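To start, the structure itself, in structure tokens.
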Amino acid sequence: MSDTHAQTVPFVRDTMLPAAQPPDNQAGAVRWLRENLFAGPVNSVLTIAGILIIFFLVTHFWDWFAHSVWNASSLSECREIISATWGPDARGACFAVIRERWNQLTFGFYPSELYWRPTMTFGLQMIALAPVLFATALVIRRTVLVITAVVTLAAMIALGSPMIWLVFAAIAFAGGIYASERNVRWLVPVALIYPLAGIWFLWGGSLWTPIFILVGPALGWVAWRILGKRLPGVGMFAAILVTILFWMILAGDAANDAQNLIPMSIESVRSDRFGGFLLSVTIGVAGIALSLPIGIVLALARQSDMFLIKSLSVMFIEFIRGVPLITLLFVASLLLNYFLPPGTTFDIILRVIIMVTIFAAAYMAEVIRGGLAALPRGQYEAADALGLDYWKAQRLIVLPQALKISIPGIVSTFIGMFKDTVLVTFVGLYDPLKSMPDAIRANIEWKGIYWEPFIFVGAIFFIICFAMSRYSMYLERRLQRDHK
Amino acid sequence: MSEAINRKVDHSHMQVSDQVAIDIRNMNKWYGTFHVLRDIDLTVHQGERIVIAGPSGSGKSTLIRCINRLEEHQAGHIVVDGVELTSDIKNIDKVRSDVGMVFQHFNLFPHLTVLENCTLAPIWVRKVPKRQAEETAMQFLEKVKIPDQALKYPGQLSGGQQQRVAIARSLCMQPKIMLFDEPTSALDPEMIKEVLDTMIELAEEGMTMICVTHEMGFAQAVANRVIFMDQGQIVEQNTPSEFFNNPKSDRTKLFLSQILGH
């Protein structure tokens with residue numbers, strides 16, 4: 001500091017400056033416009049071009065939407081109303097088809113007197129999801145559950161639900177909301193059992209079937225309690241073996257016998273009557289619920305030090321990812337029957353769910369592997385140094401962080417999988433996008449109506465997928481643990 | 001050089017017992033074909049405070065990481081508190097739960113609060129009831145002087161605070177031995193002192209400690225033995241006063257002149 005300037009010679013500040021307001025053009029709407037829309041010549045040109053494109057699109061489609069008809073019993077009636085109201089050359093949308101056939105688009109060929117059952121299934125599902133989706137947010141949980149309860153019960157009444165099931169649903173919602181207020185962990189067992197209950201509500205049949213399906217894991221748990229204390233590996237294997245053997249050998253007969261002894265059943269609905277959004281949501285929810293845990297296991301296996309496990313996982317993931325989903329669906333619908341013993345009936349929706357699940361799980365595994373790879377080595381070392389064993393370290397340290405990092409990818413996979421459920425049209429199921437509108441158009445009254453069902457189905461898909469996307473952003477914010 | 005240590009260190013409880021805490025015999029380690037640790041022989045008694053110094057790449061971190069088997073050794077024996085480290089996972093977990101380790105980059109769990117960081121291992125490894133684990137954790141957080149940060153997340157703390165939490169986290173397992181792997185190297189000068197103070201307090205209570213560090217002031221004030229390593233071998237070990245005032249090997253002299261020169 002030999003050549004110090006005159007003005008930097010000793011200086012002591014005796015009063016601190018107060019914070020001042022920014023200049024006017026550096027704050028508020030003016031600043032936002034300048035920074036975001038007119039930051040420079042290129043930006044300004046692009047902004048104006050964008051506004052023009054939006055203007056042309058809106059003016060082009062506006063008439064069609066503005067002239068839409070919601071009340072007609074056929075396409076030709078629609079056209080008559082439009083030309084009578086808006087002139088002979090006017091174009092207009094005929095959303096009357098949605099009003100007329102919403103039940104088909106929603107429930108497919110599900111018996112109309114039983115529409116309340118899927119409604120109740122997906123309404124009550126919210127209780128099972130509450131401890132998973134909104135574990136730490138009481139107010140959000142309360143809002144979601146109360147709204148779901150009101151909407152579900154109202155819809156059930158409108159769809160002519162029998163009183164006994166209405167009471168059942170009301171009690172279930174009341175119990176769920178009570179548990180959610182007191183201690184949301186009470187709902188975790190509900191979350192575990194609900195998939196079986198949901199399957200029974202949807203497909204119906206004997207109540208003894210789900211009960212005996214539950215008995216299998218219960219026996220497996222007993223086997224694990226007996227053996228697992230001393231030989232954890234053998235115990236785990238025995239538990240799985242006991243469960244599967246019980247399902248394969250005893251469960252079916254036992255359920256039949258019990259049904260003969262004490263009949264308890266609701267009207268059963270065959271899989272080929274499922275269609276529309278009911279089908280998509282059923283496959284989508286099952287695929288989402290199953291593909292995440294399978295994806296986690298595959299990702300951990302791929303990171304494993306054990307060569308065989310690692311190779312099996314890599315082969316599985318690469319094979320499934322290398323094959324189009326439609327191929328897997330064809331395998332599910334056609335080839336699987338050749339490999340199974342003759343006479344086995346293996347439900348088509350179940351087969352599709354399995355294929356969609358393993359397809360999504362392979363992608364999920366890679367997404368989660370990315371999260372695992374992003375964790376600093378030090379986290380594994382700290383967990384090791386504290387004496388946590390492999391599973392505890394994974395469960396308490398590694399997975400919570402890796403899954404958090406992977407949230408955007410996981411939700412993208414869910415969204416992709418949910419949209420892919422419309423591909424079931426290729427194996428003869430009535431998806432909401434292709435088969436169901438085709439079935440509607442097969443009717444002479446609605447022959448030739450294309451855009452309106454597409455727009456409706458697209459809008460519903462958009463709402464569901466956008467909700468998932470918003471939820472993932474909410475979750476990311478909620479799990480944020482540092483200042484960014 | 002000892003500007004970070006500006007208080008008198010109380011040596012009254014620093015007693016070295018006859019009991020062996022760590023016994024390393026003829027230990028060798030390779031990374032692939034690179035011979036990182038060569039014929040290491042080291043016996044650490046309970047209550048010893050050992051500082052390991054040496055140029056970077058000399059294998060000092062690798063050595064202490066072998067003691068809780070974050071690194072595997074390929075030849076020789078390591079016995080920690082009577083348990084030999086082999087590929088037996090039970091033994092490894094036993095040793096790890098008895099040996100605390102503090103890392104250069106703290107390695108706190110960012111998704112857990114400070115308190116949860118401290119109670120996690122006691123609850124899941126030692127099976128201590130949650131309430132009791134929290135009480136113990138608060139005691140140790142008080143000891144490292146950050147009880148008021150217990151409910152914050154690590155990302156909200158300064159580096160020095162994080163490192164003190166990391167020390168508290170290790171202490172919550174009531175370890176018999178503490179390993180420090182360059183605990184102050186990633187810290188701003190202002191924060192080095194608060195971490196060293198915590199480490200000195202720990203030494204004053206008689207904890208068995210092995211520290212890899214470049215803080216020579218700490219070595220002089222606290223250590224009872226300084227080990228100098230170079231090229232994967234122990235070159236010289238001595239009491240701090242002998243080591244700093246009267247180094248024997250040329251390599252040590254060179255190292256000391258470089259590290260103390262400015």
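The values are calculated or read from the model by the stated rules, or taken from the named source; none is laboratory data. In this text the structure is predicted, and so the values were computed from the model without any measurement. Quick reminder, even Gly has a Cβ in these numbers, built from the backbone with ideal geometry, and neighbours come from all protein chains shown. For the accessible areas, the whole protein counts, side chains as well, though only heavy atoms, and no ligand, DNA or RNA atoms are used. Shrake-Rupley method; radii C 1.70, N 1.55, O 1.52, S 1.80 Å.
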Within region B:78-105, residues in contact (Cβ under 8 Å) with a residue 60 or more places away in the chain and of a type in the set (Asp, Glu) come out as B:Asp81, B:Asp98
Complete set of residues in region B:143-154 that are open to solvent by 40 Å² or more (accessible area, probe 1.4 Å) and either within 14 Å of chain A (Cβ to nearest Cβ) or under 17 Å from A:Leu386 (Cα atoms) (or both): B:Leu151, B:Lys152, B:Tyr153
Given the condition within 14 Å of chain B (Cβ to nearest Cβ) and either buried (at least 18 other Cβ atoms within 10 Å of the Cβ) or aliphatic (A, V, I, L, M) (or both), answer yes or no: does some residue in region A:449-461 qualify? no
Would you check if there is a residue in region B:130-142 being within 13 Å of chain A (Cβ to nearest Cβ) and either farther than 29 Å from B:Ala21 by Cα or open to solvent by 20 Å² or more (accessible area, probe 1.4 Å) (or both)? no
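Within 30 Å of A:Trp451 (Cα to Cα), touching a Cys at 6+ places or on another chain (Cβ under 8 Å), small (Gly, Ala, Ser) and at pLDDT 85 or above: is that true of A:Gly50 in this structure?
Considered against the rule, which asks whether it is within 30 Å of A:Trp451 (Cα to Cα), touching a Cys at 6+ places or on another chain (Cβ under 8 Å), small (Gly, Ala, Ser) and at pLDDT 85 or above, A:Gly50 comes out as no.
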Can you name every residue in region B:97-126 that is open to solvent by less than 30 Å² (accessible area, probe 1.4 Å), part of a helix (DSSP H, G or I) and within 7 Å of chain A (Cβ to nearest Cβ)? B:Ser97, B:Leu120, B:Ala121
Has region A:239-261 got at least one residue that is under 16 Å from A:Val356 (Cβ atoms) and more than 18 Å from the chain's Cα centre (by Cα)? no
Take the conditions without any contact (Cβ under 8 Å) to a residue 24 or more places away in the chain, open to solvent by 50 Å² or more (accessible area, probe 1.4 Å), facing chain B (nearest Cβ under 10 Å) and of a type in the set (Asp, Glu) and apply them to A:Asp384. Does it pass? no
Give me a count of the residues in region A:328-386 that are over 30 Å from A:Phe277 (Cβ atoms), under 28 Å from the mean Cα position of the chain (by Cα) and small (Gly, Ala, Ser). 4
Number of the condition not met by A:Ala402 [criteria: (1) out of contact with any helix residue (DSSP H, G or I) (no Cβ under 6 Å at 6 or more places or on another chain); (2) open to solvent by less than 40 Å² (accessible area, probe 1.4 Å); (3) within 14 Å of another protein chain (Cβ to nearest Cβ)]: (1)
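Let's see how each residue does on (1) open to solvent by 90 Å² or more (accessible area, probe 1.4 Å); (2) under 30 Å from A:Arg91 (Cα atoms); (3) touching a Ser or Thr at 6+ places or on another chain (Cβ under 7 Å):
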{"site": "A:Phe11", "(1), (2), (3)": "yes, no, no"}
{"site": "A:Pro23", "(1), (2), (3)": "no, no, no"}
{"site": "A:Gln26", "(1), (2), (3)": "no, no, no"}
{"site": "A:Ala29", "(1), (2), (3)": "no, no, no"}
{"site": "A:Leu37", "(1), (2), (3)": "no, no, yes"}
{"site": "A:Asn43", "(1), (2), (3)": "no, no, no"}
{"site": "A:Ile53", "(1), (2), (3)": "yes, yes, no"}
{"site": "A:Val58", "(1), (2), (3)": "no, yes, no"}
{"site": "A:Trp62", "(1), (2), (3)": "yes, yes, no"}
Single condition B:Val165 does not satisfy, out of (1) open to solvent by less than 10 Å² (accessible area, probe 1.4 Å); (2) away from chain A (no Cβ under 12 Å): (2)
Please work out if B:Thr43 is away from chain A (no Cβ under 14 Å), open to solvent by 30 Å² or more (accessible area, probe 1.4 Å) and not in a loop (DSSP other than H, G, I, E, B). yes
Looking at region A:330-352, is at least one residue modelled with pLDDT of 90 or more, out of contact with any Phe, Trp or Tyr (no Cβ under 8 Å at 6 or more places or on another chain) and open to solvent by less than 60 Å² (accessible area, probe 1.4 Å)? yes
Pick out the one residue from A:Ala373, A:Ala442 that is within 30 Å of B:Phe106 (Cβ to Cβ), away from chain B (no Cβ under 12 Å), open to solvent by 30 Å² or more (accessible area, probe 1.4 Å) and at pLDDT below 95. A:Ala373
I'd like to verify a number: residues in region B:72-95 that are within 12 Å of chain A (Cβ to nearest Cβ) and open to solvent by less than 30 Å² (accessible area, probe 1.4 Å), how many? 2
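Quick check on my filter: what residues within region A:376-424 are among the charged types (D, E, K, R) and not in a helix (DSSP H, G or I)?
Matches in region A:376-424: A:Asp389 only.
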Return the pairs, sorted by first residue and then second, in which the second residue is in a helix (DSSP H, G or I) and of a type outside the set (Gly, Ala, Ser), the first residue lies in region A:345-369 and is without any contact (Cβ under 8 Å) to a residue 12 or more places away in the chain, the beta carbons are less than 8 Å apart, and the residues are 6+ apart or on different chains. A:Phe346/A:Leu336; A:Phe346/A:Asn337
Take A:Phe466 and decide whether it is over 16 Å from the mean Cα position of the chain (by Cα) and either assigned to a helix (DSSP H, G or I) or more than 30 Å from B:Asn91 (Cα to Cα) (or both). no
Taking the criterion of being open to solvent by 70 Å² or more (accessible area, probe 1.4 Å), of a type in the set (Lys, Arg) and either assigned to a helix (DSSP H, G or I) or touching a residue at least 12 places away in the same chain (Cβ under 8 Å) (or both), would at least one residue in region A:312-321 satisfy it? yes
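Would you check if B:Ile192 is within 14 Å of another protein chain (Cβ to nearest Cβ) and of a type outside the set (Ser, Thr, Tyr)?
The answer is no for B:Ile192.
For the condition within 30 Å of A:Asn256 (Cα to Cα), open to solvent by 40 Å² or more (accessible area, probe 1.4 Å) and in contact with a Pro (Cβ under 9 Å, 6 or more places away or on another chain), what is the one hit in A:Ile213, A:Ile171, A:Ile226, A:Ile199? I'd like the intermediate steps shown before the answer.
Details: A:Ile213 fails: in contact with a Pro (Cβ under 9 Å, 6 or more places away or on another chain); A:Ile171 fails: in contact with a Pro (Cβ under 9 Å, 6 or more places away or on another chain); A:Ile226 fails: in contact with a Pro (Cβ under 9 Å, 6 or more places away or on another chain).
The unique qualifying residue is A:Ile199.
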Residue under question is B:Asn28, and the condition is that it be of a type in the set (S, T, N, Q), farther than 23 Å from B:Leu187 by Cα and within 13 Å of chain A (Cβ to nearest Cβ); does it hold? no
Wholly enclosed helices (runs of 4 or more DSSP H) of region A:1-114 bearing at least 1 residues closer than 24 Å to A:Arg441 by Cα: A:41-66, A:75-86, A:96-107
Of all residues making up region A:122-156, the number that are in contact (Cβ under 8 Å) with a residue 60 or more places away in the chain, surrounded by fewer than 22 Cβ atoms within 10 Å (Cβ to Cβ) and touching a Gly at 6+ places or on another chain (Cβ under 9 Å): 2
